[in-house]
1. Quick one: compute the contact order of chain B, relative version, from alpha carbon pairs under 8 angstrom and 6+ residues apart, as a percent.
2. Interface B/A, total buried accessible area with a 1.4 Å probe, nearest 100 Å²?
3. Ignoring ligands, DNA and RNA, what percent of the 1.4 Å accessible area of chain B is carbon and sulfur?
4. Dividing the alpha-carbon radius of gyration of region A:161-218 by 2.2 N^0.38 Å (N being the number of residues), what value is obtained?
5. With helices defined as uninterrupted DSSP H runs, which ones in chain A have an alpha carbon span along their own long axis of at least 15 Å and mean Kyte-Doolittle hydropathy of at least -0.5?
6. If one computes the Cα centroid of region B:209-237 and of region A:142-171, what distance in Å separates the two points?
7. For chain A, with all protein chains present and a 1.4 Å probe, just round the carbon and sulfur fraction of the accessible area to a whole percent.
8. Suppose accessible area is computed on protein heavy atoms with a 1.4 Å probe; arrange B:Asp333, B:Asp369 from highest to lowest.
Amino acid sequence: MVRRRLVRFLATRPGLGLALSLLPGIVCLLVFVAGPLVAMVVSTFWTSSIDGMVPAWNLDNHRRIASDPIFTRLLFKSLRISLVVTLAILVLGYPLAYVIARKATRFKALLLLLVFIPYWISYVIRSYAWYPILGREGAINYALTGLGLVDRPLDLFLFNEFSVHLGLVSVFMPFGVVPIYLSLERIPQAYLEAAADLGARPLRSFVHVLLPLSLPGLVGGGLMVFILTIGAYVTPQLLGGPGGIMLGNIIADQFGATFNWTWGGTLSLAMMVVTLGVIWLASRRVRISQIFLGTP
Amino acid sequence: MASAPTARPATPGFDLELRELTKRYGSMRAVDAISLAVERGEFLSILGPSGCGKTTTLRMVAGFERPDGGEILLQGVRMGATPPYERNVNTVFQSYALFPHMTVFDNVAFGLRMRRLPADEIGRRVRRMLEIVELPGYERRLPHQLSGGEQQRIGVARALVNEPTVLLLDEPLGALDLKVRKRMQLELKRIHREVGITFIYVTHDQEEALVLSDRVAVMHQGRIEQVDTTFNIYEHPRTMFVADFIGESNTLPGEVVGRDGGVAVRCAGGAVVVRSREAGAAAVAVGAAVHVVVRPEKIALALAGAGRGEGNQVTGTVREVVFQGTSVRYVVDLGVAGTLAVHEPNGQRLDVGGLLKPGQEVEASWPPDATLVFAR
């Protein structure tokens, strides 16, 4: 009886029913996304002390980040590294995604699996895996000395910016490949046949039809990789040495080593602002709904 | 009416020729050594049920599929392995396949841009083409803002603007609803008349093929059963398949019992002998098991005993009367011989209240010229 009246009550108020059915999702978003974000922003106005975070409202953290150029430089260094890594992944990943999506017929599933198999291994281990390749006693130096090209192992492969780039590209490659693959997969063959039919040679058909139609995947994959790399700290920690340090390392240190959480929050906020700026720039080229929903 | 954009030389000849064209998928012959010659400016339909090889044939002409044997000649030039982008044919796709990221103008201009024509000429030709398909002013719209019928007009414009030797249309109206389809059929016919380009039209809709075409090639299991004018395809089908596939037909099994300028066939368990003077019937031998085929509109009905007595005659009982406005459809039960469907224009028997009634005994008669006979 009560249940029937409740059902009738909701039936006369469709908006309320919708709100109720969305409630669990909204609560989840508030608790796990909006809440921490607000907490982070609020923490930047607090002070860290040996007693933990103290709500002593001030702008010390903001002044510090604005006055000391080292943090801005590090932020832009991270931005540069992540943009270069993103570009490298898109340039290397596009042909790979293209082959899997449009050329491979029988081995499509196998090839996709091969892209993913490394992801069954922790990315810490995948980063370490570069040691026996790039290290002083690694494969490259072994080959170079073995061939007599150098008389002493070289140190220039590991613990610098180059190895950070290499590590990040290898670690985040699938996050770029998969969105591109999905967008290429979705393009009907008829568009390419139409282009050829209208006189477009393969290269022009690619430039005028396939590339623009796969742009959502390209931008989506690029954003994915960019967001992951700009905040990366494990790979630069393991492969970077002193020259390969990124802002993510400093932020991680504020939470792990020095326990200056309010300062860590401030640096995170700065990184988030830059990240949002890049997303905004990308969304001016391709609408976000197009990237994630595939709508025209 | 706009004049044709192509100033085509009036030399006679074939725009398209297929010689023994073959395509295999595994052991299946999708297209089985078909030959066909299409004259300049002709509207030819390739008609057949799904899986008959008609689309494969079209795709080979376009260059999307490589033939396993035979030749394709465009204005006498062998196509061989020429890629699609070097063939002077253009295709209208069933799915329209308009580039979704380009405006109507950019879609229609695509082919001309690929040929690097000057911008002012491209603009002129695109606008002219949009007038021909009666969508002027649509230049800046995007494909998804158009209705299905409008999209297909743009599809036609995008192909025709290149002034191809042959325009290939792959079931272009298949995705449209009936009303739009009917209107687009007339549109296509008008456009064909205006531009004077050869149209090859693939469809499984026999009515559409009859409405649109000068000639129809009926395909079945990878082979062309008959290429003929629409009139002959309907009136003088050469095979049982064509007779059955095009239009409605009555089929009575029987046996040839004599030849006298035509053939005589005994049907209905020996009860009736019908004669055929149709040209195609001459080929069957006495004693052969055959099908007798009669179109429903060729049969006249009279009350039994009225004695019209011309041509072939059978008696039966009216089973069903379906009044369809301009026509009346009867089903006449012939007993062991089966049933006959009869189409009669309305107004035939106003003296008896306009319609026959179920249960009435009737004599069905039809001329020997309209009696088709096919070996079983």
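1. That works out to 15 percent.
2. Using a 1.4 Å probe, the pair buries roughly 1900 Å².
3. Values: 8180 of 16410 Å².
For chain B, the apolar C and S fraction of the accessible surface comes to 50 percent.
4. Scaled against compact globular proteins, the figure is 1.48.
5. Numbers: long enough: A:14-29 (22 Å, 1.91); A:69-98 (42 Å, 1.45); A:161-186 (37 Å, 1.10); A:215-230 (22 Å, 2.09); A:261-285 (36 Å, 0.92).
Result, helices passing both filters: A:14-29, A:69-98, A:161-186, A:215-230, A:261-285.
6. Between the Cα centre of region B:209-237 and that of region A:142-171, the gap is 72 Å.
7. Answer for chain A: carbon and sulfur cover 72 percent of the accessible area.
8. B:Asp369, B:Asp333
The values are calculated or read from the model by the stated rules, or taken from the named source; none is laboratory data. Computed from a prediction, not measured in an experiment: that's the story for all the values here. Note: ideal-geometry Cβ built from the backbone for every residue, glycine included; neighbour counts use all protein chains shown. To get the accessible areas, we keep the full protein, side chains included, count just its heavy atoms, and leave off ligands, DNA and RNA. Shrake-Rupley method; radii C 1.70, N 1.55, O 1.52, S 1.80 Å.
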